[in-house]
Amino acid sequence: MVKEDTMAYAEIIEILQYMSDEDYYKIPKEELNIFFENADSEYLFKYDPDKTPEENNIMSRTKEILAYLFEKYWANNSQKEFIAKYYDEKTRISKENVKDVNEIFNSNVDEVKEDDTQQPKNEETRLVVEETNIIKKILLKIKSFFFKN
C-alpha cells in the first residue's frame, strides 16, 4: 500500500470522529474497515474542527477521499446533480481547451512550414481557466456537519 494512502486513512479516521453518528454510519462497514486496517498507526494527526481543512494541513489525498465519501454517502440528490454537472462541465471545458491548444499548435506549425525564413508573428494568446474548487466546497459542507445548530 502507498504510504500517502495509509497516512490519508489515518487522517480520515481522525476526521470521522467529529462526524455525527448518523453520517458516520452511512459509510459501509467494509469501507470503514479498509481505513482502520490500512491506516498508518505511526502517523499522528490531530484534527481541529474549529479550523479550516487548510489550517489543519489535511493532505490532498485525504480531501479526495472525503470528497468521494461526501458524494457517495452524504450528498443529497441536488448536491449529487451539482457535482455531476460540475464534472461534466469540467470535462467539456478540458476537452475544448485541448482542442484549442491543438489548433494553436497546428496553425503555428503550418505557418512555420510555409515559410521558414518568415519571422514568427508576435501574437499573444491567453487561455483563461475559471477555477472553482469543488473539493473546497465539499469540505466546507462536511465542516457544516460538525457544527449543526
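The values are calculated or read from the model by the stated rules, or taken from the named source; none is laboratory data. What you see is a predicted model, and the numbers here were worked out from it, not measured in a lab. Glycine gets a Cβ as well: all are built from the backbone with ideal geometry, and neighbour counts include every protein chain shown.
When we screen Asn76, Asn122, Asn56, Asn106 for residues that are modelled with pLDDT under 95 and either surrounded by 11 or more Cβ atoms within 10 Å (Cβ to Cβ) or touching a Gly at 6+ places or on another chain (Cβ under 9 Å) (or both), the only hit is Asn56.
Of everything in the stretch 50-94 that is in a loop (DSSP other than H, G, I, E, B) and of a type in the set (S, T, N, Q), the residue that is farthest from the chain's Cα centre (by Cα) is Asn76.
Of everything in the stretch 32-49 that's among the hydrophobic types (A, V, I, L, M, F, W, C) and within 22 Å of the chain's Cα centre (by Cα), which residue is surrounded by the most Cβ atoms within 10 Å (Cβ to Cβ)?
Applying the first criterion (among the hydrophobic types (A, V, I, L, M, F, W, C)) to the stretch 32-49 yields 32, 34-36, 39, 44-45.
Okay, now just the ones that are also within 22 Å of the chain's Cα centre (by Cα), so 32, 34-35, 39, 45.
Details: Leu32: 15, Ile34: 14, Phe35: 19, Ala39: 21, Phe45: 19.
The residue in question is Ala39.
Taking first residues from the stretch 67-91 that are without any contact (Cβ under 8 Å) to a residue 60 or more places away in the chain and partners that are of a type in the set (Gly, Ala, Ser), the Cβ contacts under 8 Å between residues at least 6 apart in sequence or on separate chains come to Ile83/Ala75.
Selection of helices (runs of 4 or more DSSP H) fully inside the stretch 1-49 by the criterion of at least 2 residues being in contact (Cβ under 8 Å) with a residue 40 or more places away in the chain returns 3-16.
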